[in-house]
1. Which of the residues belonging to the stretch 80-94 are closer than 21 Å to residue 107 by Cα and in contact (Cβ under 8 Å) with a residue 24 or more places away in the chain?
2. Looking at the structure I just gave you, is residue 37 out of contact with any helix residue (DSSP H, G or I) (no Cβ under 8 Å at 6 or more places or on another chain) and modelled with pLDDT of 70 or more?
3. Among 93, 43, which is the only one that is closer than 30 Å to residue 9 by Cα, in a helix (DSSP H, G or I) and touching a helix residue (DSSP H, G or I) at 6+ places or on another chain (Cβ under 9 Å)?
4. Checking residue 64 against (1) surrounded by 15 or more Cβ atoms within 10 Å (Cβ to Cβ); (2) closer than 15 Å to residue 49 by Cα, which test does it fail?
5. Hey, residue 77 hits all of (1) over 17 Å from residue 109 (Cβ atoms); (2) in contact with a helix residue (DSSP H, G or I) (Cβ under 6 Å, 6 or more places away or on another chain); (3) at pLDDT 95 or above but one; which does it fall short on?
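The values are calculated or read from the model by the stated rules, or taken from the named source; none is laboratory data. All figures in this text were calculated on a predicted structure; none of them were measured in a lab. Cβ sites come from the backbone with ideal geometry, for glycine too, and all protein chains shown count toward neighbours.
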């Protein structure tokens, strides 16, 4: 989520820079339109991440742990401690999050 906010701040800074350095008003319009699209994409990314957070009901710490395959078990433990969910429920939630976020090295095992 921080990357999205950084992208939006960069777009705003670029827009200011484009305005200051642009000598051709038509080019400036194009630059601003491109930057607006970038900001809009950033807003959609924030909405998508918010939906993922709400969908999985994970805390920031749990999400941070779950983004690294080596921390899958600590993420499950953290979720269980916070919510009281049983092992299978917590494992499914963490694995769904990992799958949705394409965590490197994650592979869902089926029995």
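1. 93, 94
2. Here the answer is yes, as residue 37 does meet what is asked.
3. When all the criteria are applied, what remains is 43.
4. Only one criterion in (1) surrounded by 15 or more Cβ atoms within 10 Å (Cβ to Cβ); (2) closer than 15 Å to residue 49 by Cα is unmet by residue 64, namely (1).
5. (2)
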